[in-house]
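Participant: To start, I am sharing the structure in question, which I have written as structure tokens.
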Amino acid sequence: MNKENIKLEFNKLIKQLNQKKYNRWYKLKDLVELKAISYKSLKNMVGEIYAKYEPQGTIKKTGRSYSIHYSILDAFKLKQPRATTIYSHEWKSNISWTTREYYDKEYHEYLISVLKNKTKGVNYFFTIELDKHNRNHVHILADAEPNELRSLIYELMQFYIGKKNYYKYYCEPVYNTGSSVDYLIKNPQKINLI
């Protein structure tokens with residue numbers, strides 16, 4: 001199989017996977033506010049991005065208007081950003097936790113505040129939502145590296161929740177900022193940037 005066939009197969013697979021995902025699309029003008037990039041700069045970027053992502057079905061063009069899938073928002077960035085938004089901030093850690101017990105939102109907010117107090121200077125963006133069993137759980141983005149936060153989260157869970165089988169947590173690198181931010185804001189009960 002040659003390189004061109006491999007690329008076509010890859011794009012076909014990505015297109016199929018994206019059709020099963022959360023289906024959020026943005027117009028180019030929406031990115032002005034989301035990414036804090038001027039419309040002129042976005043127009044200069046979009047041609048190259050379109051050529052790369054159109055075969056995967058994550059960007060569409062109708063006339064002179066572009067529709068951009070949330071999963072490729074990270075493709076739109078300036079070499080030297082002028083301003084920061086939640087979409088352009090350098091989020092490094094994707095954190096989540098859930099507990100066996102049914103703790104209320106205020107208790108999870110308290111746990112987040114304890115984490116914040118132990119990590120001065122780290123910014124967090126979080127949501128608290130209900131799972132299918134009506135149990136609150138937390139999703140957090142942080143601008144500190146996962147290896148800086150994992151042990152703190154583990155200690156927090158051990159101290160405030162208890163044994164390992166009473167909670168689950170996740171702390172890994174952010175691979176796609178746009179997708180991560182969109183996930184947090186899609187259906188929150190409580191959302192905060194602290």
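Participant: Can you pull the one-decimal nm distance between simple spin-label points at residue 77 and residue 170, each 7 Å off the Cα toward Cβ?
Facilitator: Between residue 77 and residue 170, the label points sit 2.1 nm apart.
Participant: Another question, if that's okay. Have a look at 41, 96, 71 and tell me which one the Gaussian network model of the chain (Cα, springs below 10 Å) gives the largest fluctuation.
Facilitator: It is 41.
Participant: Averaged over every viewing direction, what's the projected area of the C-alpha convex hull for region 103-194? Give it in nm², one decimal, please.
Facilitator: 5.9 nm²
Participant: Still on this structure, I have one more. State which entries of 116/164; 29/116; 164/186; 40/120; 27/116 exceed 31 angstrom in Cα-Cα distance in the structure shown.
Facilitator: Details: 116/164 22 Å; 29/116 34 Å; 164/186 29 Å; 40/120 37 Å; 27/116 35 Å.
From the list (116/164; 29/116; 164/186; 40/120; 27/116), the Cα-Cα distance tops 31 Å for 29/116; 40/120; 27/116.
Participant: While we're looking at this one, here's another question. At q = 0.11, 0.18, 0.23 Å⁻¹, what base-10 log of I(q)/I(0) does the Debye formula yield for region 48-154 when every alpha carbon is treated as an equal point scatterer in vacuo?
Facilitator: -0.53, -0.95, -1.19
Participant: Turning to a different aspect of this structure: Once both axes come from the Cα atoms, what is the angle between helix 3-19 and the longest principal axis of the chain, in degrees from 0 to 90, rounded to 10?
Facilitator: 50 degrees
Only the coordinates and a few stated rules stand behind these numbers; no lab work does. Owing to the predicted nature of the structure, the values given are computational and were not obtained by experimental measurement. A quick note on method: Cβ atoms are made from the backbone with ideal geometry, for glycine too, and the neighbour counts reach across all protein chains shown.
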